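Reviewing the structure listed below.
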Amino acid sequence: MAMGVRIANPILGTIVGSQESGYELESPVVAAFRNAVLQGEWAEAEELLFDTLTGEGGVSISEHPTGLVLQDGVDKDVMRFWLRQQKFLELLEQRDTGRALMVLRLELTPLYQDTAKLHFLSSLLMCQSADDLKAKADWDGADGGSRHHLLSELSRKCSKRFKHNQIANCLYHNTATSPSLYQDHSCDRNNFPVRTILELEDHSGEVCCGGDGTVIIYEVPSFKILHTLADHEDGVGSVAWSPDDSMIVTCSQDKRARLWNAHTGEIKRVLNRFGEPVSSCVWAPDGHSFVTGCLDKTRNFGDLIYDWHQSHRIQDLAVSPNGHRLVAMDNEKHIHVYNFITRELEYEMDLKVHLSSISISQNNRYLLINKKDGQARLFDLETRESPKFFQSADRGGQFVIRAGFGGANESFVVTGSEDGQTRNQGLGHPKSRGN
């Protein structure tokens with residue numbers, strides 16, 4: 001049975017240094033450790049990695065808070081073995097068999113309990129050439145990608161705090177790929193949505209408020225029109241897709257909500273007329289029901305089987321992805337948070353300013369509130385605290401201006417404005433990401 005020592009397959013990208021990017025993305029200790037491994041300074045690498053201070057949440061290799069932090073429960077001997085194994089192989093590649101034998105006996109053997117692996121490494125002492133060694137060990141040498149592979153594997157043992165620091169300092173972060181220990185993390189501005197690539201001009205009225213009373217379904221990415229839903233008697237202000245994309249609910253100024261077959265464009269059901277325009281709709285995560293919101297004070301929001309019988313006029317709705325909470329925004333200055341399972345009111349908030357839209361993050365934790373004072377605010381649904389705000393635009397007017405989460409792992413928010421600008425701002429970075 002072959003027992004190669006390769007840690008990972010080579011996946012190497014362009015390394016962009018902090019001097020080139022203009023941002024200091026890592027601590028000096030992390031940079032020193034990375035350089036020690038890439039230069040083959042194994043004693044220095046071990047000293048940097050394990051001359052540590054223990055702190056909450058992991059083991060730090062530096063007194064600096066931005067230093068490398070290991071995950072809880074990491075077996076440090078395994079990491080030592082990886083470093084010393086690389087040292088052993090490189091000595092064999094240099095044909096320094098004597099020193100390699102000492103590393104095997106005095107440094108590797110005391111760490112590792114897998115005798116089969118140690119026997120395999122000892123068999124490599126019999127290799128007649130560097131090429132023979134590389135073939136038997138499935139290893140590409142010191143000048144290949146092996147040191148980068150080693151750093152990649154070591155980075156998997158790092159605490160998420162280190163990676164969060166890198167992401168927070170990446171101005172155009174928009175990738176789900178985890179940052180690596182062996183390179184500064186920097187996303188290309190060209191991969192961030194900062195330019196208009198297409199304008200949809202098929203509505204006869206204002207698209208922002210659906211003034212022509214139609215809803216158009218486009219095929220992506222061709223943007224060919226598949227269906228035009230044209231049964232409403234007045235403008236359409238909100239649409240909601242079912243979780244399986246098979247149905248759409250449209251909400252209209254004509255005081256009705258309609259349920260459509262998204263595949264055929266046919267109406268499945270027309271809800272009873274409300275006393276005021278239907279403002280919003282959200283689906284339950286299981287796709288079995290949906291909730292509509294209305295500006296009527298007496299019949300303002302409910303699903304097909306329940307009416308909350310509240311007195312507030314609903315402007316917008318949001319349901320958490322796990323189905324635990326329903327959040328209602330009235331047309332004044334209040335947020336109402338309900339337990340979506342029991343349908344009981346958990347709490348209410350008065351934000352002292354008129355509101356425009358709400359959205360809940362995919363991790364169910366945060367509510368994004370777009371306000372008409374030109375500010376979007378992030379709100380923690382659990383702690384009821386507001387950890388961050390974003391300047392979205394000048395003070396709003398009569399239109400509904402929406403905001404939402406976007407990007408890889410919802411790393412930024414997008415806000416609209418009445419001045420025709422779309423603003424992208426990062427959750428972890430203090431600067432605007434482009435308009």
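The values are calculated or read from the model by the stated rules, or taken from the named source; none is laboratory data. Keep in mind the model is a prediction, meaning the values are calculated, not measured. A quick note on method: Cβ atoms are made from the backbone with ideal geometry, for glycine too, and the neighbour counts reach across all protein chains shown. Protein only, heavy atoms only, side chains kept; ligands, DNA and RNA dropped before computing areas. Shrake-Rupley method; radii C 1.70, N 1.55, O 1.52, S 1.80 Å.
Of note:
- Test for Ser152: is it among the hydroxyl-bearing types (Ser, Thr, Tyr) and within 25 Å of Leu49 (Cβ to Cβ): yes
- Some residue of the range 338-349 being surrounded by 20 or more Cβ atoms within 10 Å (Cβ to Cβ) and in a strand (DSSP E or B): yes
- Listed by position, the strands (runs of 3 or more DSSP E) contained in the range 208-292 that have at least 3 residues being touching a Leu at 6+ places or on another chain (Cβ under 8 Å) and surrounded by 14 or more Cβ atoms within 10 Å (Cβ to Cβ) are 215-219, 247-252, 257-261, 278-283.
- Selection count, the range 107-156, where residues are open to solvent by 40 Å² or more (accessible area, probe 1.4 Å) and aliphatic (A, V, I, L, M): 3
- Filtered residues of the range 376-395 (kept if open to solvent by less than 30 Å² (accessible area, probe 1.4 Å) and at pLDDT 85 or above): Ala376, Leu378, Phe379, Asp380, Leu381
- The residues in the range 353-375 that are open to solvent by 30 Å² or more (accessible area, probe 1.4 Å) and more than 21 Å from Glu418 (Cα to Cα) can be counted, and the count is 5.
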